[in-house]
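For reference, the structure is listed below as structure tokens.
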Amino acid sequence: MPELEVKQKIEQIEQMYKEMMGAQTAFSALIMGIQGVGKSTFCCTGRLPILLDVFDPRGTLFIHANPELKQLYEEKKILVRPFWSEDSQNPTEYDRWYKQWQDDCKTDFLSLFGTYVIDSGTTMIEAMTNYVRKRKGRGDNLQVQDYLPLYNTVMDIVKITSSQGCDFLYTGHLLTVQDEVTGEVKAELDTYSRLRSKVPKLFSEKYVLMKKKTPSGPQHVLLTHSTGRYEASSQLASSGKIPDEVEPNLKKLLELVGLPTEDKPIEW
């Protein structure tokens with residue numbers, strides 16, 4: 001093959017990679033944990049400004065209870081869009097969010113933020129289910145043919161959001177499940193069984209927040225490696241700089257592996 005042709009092919013490969021990755025190396029992660037372990041608080045340790053789309057009912061009280069986060073909110077460095085007013089018999093929140101999200105992606109609005117958060121993916125999927133069920137006149141339950149399009153939409157949302165030029169955090173609630181044969185207790189995503197495997201595959205970083213007992217009392221820790229009960233993993237851990245348990249502070253985690261930690265300018 002002529003040298004010029006080889007050079008052109010290499011340049012095409014490099015250009016394709018740059019287009020897929022975006023102008024900068026954006027970070028995305030699945031943040032899992034049971035209720036009340038600090039998933040939302042952890043998300044607010046990311047690069048500013050931060051936009052939270054919140055589906056969990058009244059899921060922002062932690063901001064007003066924390067003086068530092070409250071100040072960031074008052075300075076418009078943390079912005080919240082609530083989508084928690086869901087009525088299962090007259091669902092509106094998913095459709096309202098989805099139209100807003102499509103416009104955000106079309107206009108590059110999300111790229112203005114250091115961090116974008118869907119909090120939580122669990123309740124977002126519940127709102128999506130209500131919307132599909134109502135729109136298709138399914139009564140109380142979806143039909144078999146409804147599930148695959150729903151799964152594909154969730155996966156498309158994650159993939160498209162991950163390429164918007166901002167760090168992307170997707171939180172998910174965990175359920176504790178006991179194996180009927182072995183008696184082993186494990187924590188799994190609180191969602192449809194097929195999505196329990198599909199959603200984590202879309203993230204290179206899968207972290208679990210938990211409370212750990214210490215002599216001085218309960219301590220919040222972020223797991224980056226599986227423990228048996230909790231399934232966590234990290235491509236960044238291949239750097240050898242991330243321990244299995246870290247302080248739940250995203251900026252400090254990014255700093256450990258040399259990823260961007262600087263805030264973006266506030267344009268409003």
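Nothing in this text is a laboratory measurement; each read-out follows from the coordinates by a stated rule. None of these values were measured; they are calculated from a predicted model. Cβ coordinates were reconstructed from backbone atoms using ideal geometry, including for glycine residues, and neighbour counts include every protein chain displayed.
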Summing -39500 (n - 2.57) over the DSSP H runs of n ≥ 4 in the chain and dividing by its residue number, what mean residue ellipticity at 222 nm do you reach, to the nearest 500 deg cm²/dmol?
-> -11500 deg cm²/dmol
Give a quick list of trypsin sites (Lys or Arg not before Pro) in segment 234-268 that DSSP marks as loop, anything other than H, G, I, E or B, with at most 14 other Cβ atoms within 10 Å.
-> 241
Taking the radius of gyration and the Kirkwood hydrodynamic radius from Cα positions alone, what is the Rg/Rh ratio for the chain, to two decimal places?
-> 0.99
Which residues in segment 101-132 place their backbone N less than 15 Å from a point set 7 Å from the Cα of residue 65 along the Cα-to-Cβ direction?
-> none
Cα convex hull of segment 104-235 - mean projected area over all directions, nm² = 11.2
A correct Kirkwood calculation over the Cα atoms of segment 1-123 returns a hydrodynamic radius in Å of 17.0
For residue 168, residues with placed amide H under 5 Å, excluding near neighbours | 27, 28, 29, 116
